[in-house]
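Let me begin by presenting the structure, written as structure tokens, before commenting on it.
The values are calculated or read from the model by the stated rules, or taken from the named source; none is laboratory data. No experiment lies behind these values; they were computed from the predicted model shown. Every residue, glycine as well, gets a Cβ built from its backbone with ideal geometry; the counts of neighbours run over all protein chains shown. For accessibility, only protein heavy atoms count, side chains too; no ligands or nucleic acids. Shrake-Rupley method; radii C 1.70, N 1.55, O 1.52, S 1.80 Å.
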Amino acid sequence: MTAHVSVKDEGFLLTGFLSKQRAAFLNDGPPSAAARRADLLKLKHALVKRRTAFEAAVSKDFGYRSAYETRIMEITPVIQMINYLRSNLTKWMRPERRRVALHFRPGRTRVIYQPLGVIGIISPWNYPISLALTPLATAIAAGNRAILKPSELTPATSELLRSVLREIFPEEQVAVVTGGPEIGAAFARLPFDHLVFTGSTSVGRSVMKEAADNLVPVTLELGGKSPVLIGPDADIEAAATSVAFGKLANSGQTCIAPDYVLVPEKDAAAFVASFDATARKFYPQGAADRNYSSIINAKHYNRVLKLIDDAKQKGAKVIEVADNGGAETRKLAPVIVLNVTDDMAIMQQEIFGPALPVMTYRTIDDAIGYINRKPRPLALYYFGQNGEDRQKVLTRTTSGNVTVNDTLMHYVQNDIPFGGIGMSGMGAYHGHEGFKSLSHAKGVFEQSRWNLGWLLHPPFSKTTDVVIRYFQR
Ligand code: NAD
């Protein structure tokens, strides 16, 4: 197989893979815990062995991305997740005993966690290793087979994923198909047992429509505008450092990157100064810095520039932290955008780039109100020490996840669910929830030989009335 296969070839492969995997699944039955652990170990070893190749492939796809960024943001979290899945899956696989009402005893109930079968995985370009391999590892932990369709915008990484996965898994177990929207749409129309999609909200909407024809359940890991709310008593310097890290990693091309900041009026100047100073400290060479990533392609580079330009035209003040590297390297320097208003595109669309709108608020209720007038975000970041304010933010806003007093870090807490809500997604993975979302929780009731069922059997009589009255009391 070469990188230049046609849509028709890949579509053909796709249906072939699905039927092969389903047949193998039915034939072999669910894999044992030992087999799943061994498969996960194979995946981990393959990733470790090829990590420099992965770092190089991602950098090639982006134009430039530091190997450290790929190590910290992608490879290490996948390895940690694999370790976590391996340590927990035996426990999660155990059938769970449930309570039986007195009148059904001595019958017994339990829940069996069964693999669903074949999982379809569609992944995006921004973290092309981890957003392909984390769902895959979860699918394997839950005993499934999987077909992956990585992004067409990262061809080198997608090809590497294909060759590495092909080396370690037979295609009846794990397969990869490559291609763009057309293949993606064909993929989403297949009768998988579950589809995990990570990508934009707009494509997520079509994926759900495409999957609906076969009633394929979907997990949608989408994007949106994740706010940072800086409380009145926050340590401004510490908050600005965390926001700079979360916003500028991968040049802002992170689904859970802080999209915009809400800061008390009194702290705005200090926050802006601290963010600016931290950005310069993190990236002393500005956009040219060797630790600063390129924007994935010219379309996205121009899209972010346009968002900044539109804001400027409509009266925003733009503070440039450094000079841009230019269109050729697609290195877009961080900018802070002040005086933004809701009619600016930058406050309507997910930014997905290194531009940070900073807005001010008077009371914490005003800030919460602003967040709640927008679609529910994927992540929310709160900075502050006051327990009452923190509690209010946690209970009065609804977002996929929250990190308090830092950014991004909920993503690498393996034991909590990760996912969006509303426009930012549906369903979750990571944690026990990930295993459950790719398993079928089958409730089983086992009737005992001696039971009271006969009390409800026809022909009905006065005794039936007594029994019914008893249960309706
Ligand atoms: P995208 O939606 O453009 O593409 C994602 C994947 O879907 C790609 O593999 C693409 O080929 C495929 N695709 C395109 N059209 C399709 C169709 N009609 N049917 C089925 N598949 C189709 O997203 P992207 O630009 O690759 O990624 C950026 C977006 O993803 C951002 O919005 C970001 O917030 C979001 N994201 C979310 C998470 C998360 O975990 N929630 C993680 C990373 C990125």
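Annotations
- Criterion: closer than 26 Å to Val58 by Cα and either more than 16 Å from the ligand (Cβ to nearest atom) or assigned by TED's automatic domain parsing to the domain that holds Thr201 (or both) - qualifying residue of Asp267, Asp289, Asp342: Asp289
- Among the conditions (1) more than 16 Å from Lys247 (Cβ to Cβ); (2) open to solvent by 20 Å² or more (accessible area, probe 1.4 Å); (3) over 29 Å from the mean Cα position of the chain (by Cα), Leu338 misses just one, which is (1).
- The number of residues in segment 137-153 being closer than 25 Å to Phe62 by Cα and crowded, with 18+ Cβ neighbours inside 10 Å comes to 7.
- Of the residues making up segment 247-263, one or more are under 30 Å from Gln173 (Cβ atoms), open to solvent by 10 Å² or more (accessible area, probe 1.4 Å), modelled with pLDDT of 95 or more and near the ligand (Cβ under 10 Å from one of its atoms).
- Taking (1) hydroxyl-bearing (Ser, Thr, Tyr); (2) open to solvent by 50 Å² or more (accessible area, probe 1.4 Å); (3) in contact with a Ser or Thr (Cβ under 9 Å, 6 or more places away or on another chain) in turn, Ser66 satisfies each apart from (2).
- If you check Ala244, Ala211, Ala273 for being in contact with a Lys or Arg (Cβ under 9 Å, 6 or more places away or on another chain), modelled with pLDDT of 95 or more and farther than 23 Å from Pro377 by Cα, only one passes: Ala211.
- On inspection, Val304 passes the criterion of being within 23 Å of the chain's Cα centre (by Cα), free of Cβ contacts under 8 Å to residues at least 60 places away in the same chain and under 30 Å from Gly419 (Cα atoms).
Per-residue answers, yes or no, for (1) acidic (Asp, Glu); (2) within 30 Å of Thr219 (Cβ to Cβ); (3) modelled with pLDDT of 95 or more:
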| residue | (1), (2), (3) |
| --- | --- |
| Lys306 | no, no, yes |
| Ile319 | no, no, yes |
| Asp323 | yes, no, no |
| Lys331 | no, no, yes |
| Asp343 | yes, no, yes |
| Gln348 | no, yes, yes |
| Thr363 | no, no, yes |
| Ile371 | no, yes, yes |
| Pro375 | no, yes, yes |
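- Taking the conditions (1) within 16 Å of the ligand (Cβ to nearest atom); (2) more than 18 Å from the chain's Cα centre (by Cα); (3) surrounded by 17 or more Cβ atoms within 10 Å (Cβ to Cβ); (4) not acidic (Asp, Glu) in turn, Pro227 satisfies each one other than (2).
- Residue match in segment 456-464 (condition: modelled with pLDDT of 95 or more, surrounded by 11 or more Cβ atoms within 10 Å (Cβ to Cβ), out of contact with any Leu (no Cβ under 9 Å at 6 or more places or on another chain) and farther than 25 Å from Val111 by Cβ): yes
- Close Cβ contacts (under 6 Å, 6 or more residues apart or on different chains) running from residues in segment 399-411 that are in the same structural domain as Asn386 (by TED's automatic domain parsing) and over 18 Å from Gly431 (Cα atoms) to residues that are aromatic (Phe, Trp, Tyr) and open to solvent by 30 Å² or more (accessible area, probe 1.4 Å) are absent.
- When residues in segment 23-62 are screened for being assigned to a loop (DSSP other than H, G, I, E, B) and either in contact (Cβ under 8 Å) with a residue 24 or more places away in the chain or open to solvent by 60 Å² or more (accessible area, probe 1.4 Å) (or both), 4 of them pass.
- Residue under evaluation Ser437, criteria (1) hydroxyl-bearing (Ser, Thr, Tyr); (2) within 14 Å of the ligand (Cβ to nearest atom); (3) open to solvent by 50 Å² or more (accessible area, probe 1.4 Å), criterion not met: (3)
- Identity of the residue in segment 194-214, among the aliphatic types (A, V, I, L, M) and within 7 Å of the ligand (Cβ to nearest atom), that ends up surrounded by the most Cβ atoms within 10 Å (Cβ to Cβ): Val207
- Segment 154-191, residues that are within 13 Å of the ligand (Cβ to nearest atom), part of a loop (DSSP other than H, G, I, E, B) and open to solvent by 10 Å² or more (accessible area, probe 1.4 Å): Thr178, Gly179, Gly180, Arg189, Leu190
- Only residues that are in contact with a strand residue (DSSP E or B) (Cβ under 6 Å, 6 or more places away or on another chain), open to solvent by less than 30 Å² (accessible area, probe 1.4 Å) and part of a helix (DSSP H, G or I) were counted in segment 305-321, giving 2.
- Members of segment 255-291 that are touching a helix residue (DSSP H, G or I) at 6+ places or on another chain (Cβ under 7 Å) and either in a helix (DSSP H, G or I) or among the small types (Gly, Ala, Ser) (or both): Ala257, Asp267, Ala270, Phe271, Ser274, Phe275, Thr278, Ala279, Phe282
- Of the strands (runs of 3 or more DSSP E) lying entirely inside segment 70-136, those carrying at least 3 residues that are open to solvent by less than 50 Å² (accessible area, probe 1.4 Å) and within 16 Å of the ligand (Cβ to nearest atom) are 118-122.
- Condition check for Ser242: away from the ligand (no atom under 13 Å from the Cβ) and polar (S, T, N, Q): yes
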